[in-house]
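Asks: Have a look at this one.
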Amino acid sequence: MYTIKLYNNIAQKGLDQFTEAFEVGEHLGDEDAIVVRSANLHDLEYGKNLKAIARAGAGVNNIDLPACSERGIVVFNTPGANANAVKELVFAGLLLASRDIYHGIEWCKTQTDNPNLGKDVEKQKKKYAGNELTGKTLGVIGLGAIGIEVANLAMRFGMNVKGYDPYISVDNAWKMSKWIEHAKDLKELYKDADFVTLHLPLMDSTKNTIDREAISQMKDGVKILNFARGGLVNDDDLLEALDSGKVALYVTDFPSAKLAAHDKVIPIPHLGASTEESEENCAVKAAQEVMDYLQYGNITNS
Ligand code: MLT
C-alpha cells in the first residue's frame, strides 16, 4: 500500500485515478508521495519514505528542487495540462488591455440610481474607446506549452507575433512554430511589441526579466501581461514606468500589494488555471505520474 499526501484540494477525477494500492489523504504519516497545487513546500520536513512530489500545474517554484535532488525525490509537474485555460485567460487579459471594458464596467456599477443610464451610456463611448488587436504586435516571452498556444491564438486574431525563448535557439523555435516570427533576443522583441506577454517559469535566471532596462527598450505606451509568475517583474521599476506613462497598462494574474490598486493595473487573483477542465486535467496527470513512478519506476512528465 502506497500513501499519498495531498497539500491542496485536488480534483476528484484525479483522486479517482488512484487504485486500491494507494491510500490518499491529508494527514498521513510517512507518505510515499505528495500531490500539491500551490501550497509552498519549501520549508517542508520530508518524511523518510518520500519518493515523489507531483505538482498539479506547470510551475514548480513552490517546491524546494535542490533539497529534492539531494534526497533523490523525483519532482513531476503537468506542463500543458492547463495551457488551454491559461491561454483563454491571457486573451481575456489582452481584450481588457485593448478595450477599456474594465473601467467601463466599473462606471456602470456606480450608476444603479441613474434613471437616465440608457442615455448616459452613449456619452461614455468616447471615454472608454479602445483599440483593436488585429494588426498589433504581440511579443511572447517563453515558448513552452502556454506561450505557443497564446502565439497561435494571437495569429488567429490577426496579430503579428514575435516570440522569444531564452532556452530555445531560433532554429529550434522555428521548428516548433513556423508561423510566428522568432526574435533573436529580447531587445528585438521589445522594439516592436505593442503588448508583451510573459510565459516563463520563475527561476533565478528569469527573476526580474521585466526591469527598468527591459522597459526602456520597449515602445512608449506598451502594455504588459503577466500570467506566469509575479517575480518575473520588478514591481518598483514597473511602478515608475506606469507613473511616467512609458507602460500604459499592466494586466497580471499575480497582483502585488504595491501595484494592485494602481489605476493602470488590472489585477486578477491567480485564476489562469482555475477552470474545472484544467483542474481535472492536472489532477489526473499528476496522479498518473505518481502511480506510474511508484508502481513501475517510470518517469513520465506529461
Ligand atoms: C501553474 O503553475 O500551472 C499554475 O500556477 C497552476 C495553478 O494555478 O495552480
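Asks: Across the stretch 59-76, in residue order, what do the Karplus-derived ³J(HN,Hα) couplings come to in whole Hz, using 6.51 cos²θ - 1.76 cosθ + 1.60 with θ = phi - 60° and x for Gly and Pro?
Replies: Once rounded to whole Hz, the list reads x, 10, 6, 8, 10, 7, 5, x, 5, 5, 4, 4, 8, x, 8, 7, 10, 10.
Asks: Now, a different point. 222 nm [θ] for the chain, helices only, -39500 (n - 2.57) per DSSP H run of 4+, per residue, to 500?
Replies: Result for the chain, helices only: -10000 deg cm²/dmol.
Asks: Could you rank the peptides 15-27, 153-165 by their average count of other C-beta atoms within 10 Å per residue, with the highest value first?
Replies: 153-165, 15-27
Asks: Students often forget the sequence filter, so: which lysines lie under 19 Å Cα-Cα from residue 162 once same-chain residues fewer than 8 apart are removed?
Replies: 87, 136, 175, 178, 184, 187, 191, 219, 223
Asks: Roughly speaking, what is the stretch gain from residue 65 to residue 167, that is 0.36 nm per residue apart minus the C-alpha to C-alpha distance, in nm to one decimal?
Replies: 34.8 nm
Asks: Related question: Just to verify a number: FRET efficiency for residue 184 and residue 152, C-beta to C-beta distance, R0 = 30 Å, to 0.05?
Replies: Efficiency at R0 = 30 Å is approximately 0.90.
Asks: Which trypsin sites (Lys or Arg not before Pro) in the stretch 32-71 pass both tests, a DSSP loop state and at most 14 other beta-carbon atoms within 10 Å?
Replies: Here the sparse-neighbourhood loop sites are 48.
Asks: What residues have an amide H closer than 5 Å to that of residue 182, excluding those fewer than 5 places away on the same chain, when H is modeled at 1.01 Å from N in the peptide plane?
Replies: Amide H to amide H, under 5 Å and 5 or more residues apart or across chains, residue 182 pairs with 163.
Asks: How do 217-226, 57-66, 105-114 rank on mean C-beta neighbours within 10 Å, highest first?
Replies: 217-226, 57-66, 105-114
Asks: So if we plug the beta-carbon distance of residue 49 and residue 292 into 1/(1 + (r/R0)^6) with R0 = 22 Å, what FRET efficiency do we get, rounded to 0.05?
Replies: Efficiency, rounded to the nearest 0.05: 0.80.
Asks: Ok, one more. Which whole-number percentage describes the relative contact order of the chain, with Cα contacts under 8 Å and a sequence gap of 6 or more?
Replies: 20
Asks: What is the fewest-to-most order of 205, 38 by other Cβ atoms lying within 10 Å of their Cβ?
Replies: With the sparsest Cβ surroundings first, the list reads 205, 38.
Asks: Okay, next question. For residue 127, which aspartates and glutamates qualify as cross-link partners when the Cα separation must be under 16 Å and same-chain residues fewer than eight apart are set aside?
Replies: 100, 106, 263
Asks: What list of ³J(HN,Hα) couplings, whole Hz, do you get for the stretch 192-203 from phi and the Karplus terms 6.51, -1.76, 1.60, once you set θ to phi - 60° and write x for glycine and proline?
Replies: Here the 3J(HN,Hα) series is 9, 7, 7, 10, 10, 10, 9, 9, 10, x, 8, 9 Hz.
Asks: Now a separate question. Given the C-alpha atoms of the stretch 83-267, compute the convex hull and give its volume per residue in Å³.
Replies: 122
Asks: Using a simple charge model, +1 on the beta-carbon of Lys and Arg, -1 on the beta-carbon of Asp and Glu, nothing else, what dipole does the chain show about its Cα centre, in debye to the nearest 20?
Replies: Magnitude of the dipole: close to 1120 debye.
Asks: Under a plain spin-label model, where a point goes 7 Å from the Cα along Cα-to-Cβ, how far apart in nm are residue 99 and residue 1?
Replies: 5.6
Asks: Shape verdict for the stretch 176-221, please, from the Cα gyration tensor: rounded (a/c under 1.5), prolate (a/b greater than b/c) or oblate.
Replies: oblate
Values in this text are rule-based calculations from the coordinates and carry no lab data. Because the structure is a prediction, the values reported are computed rather than measured. Because the Cβ atoms are built from the backbone with ideal geometry, glycine has one as well, and the counts that use them run over all protein chains shown.
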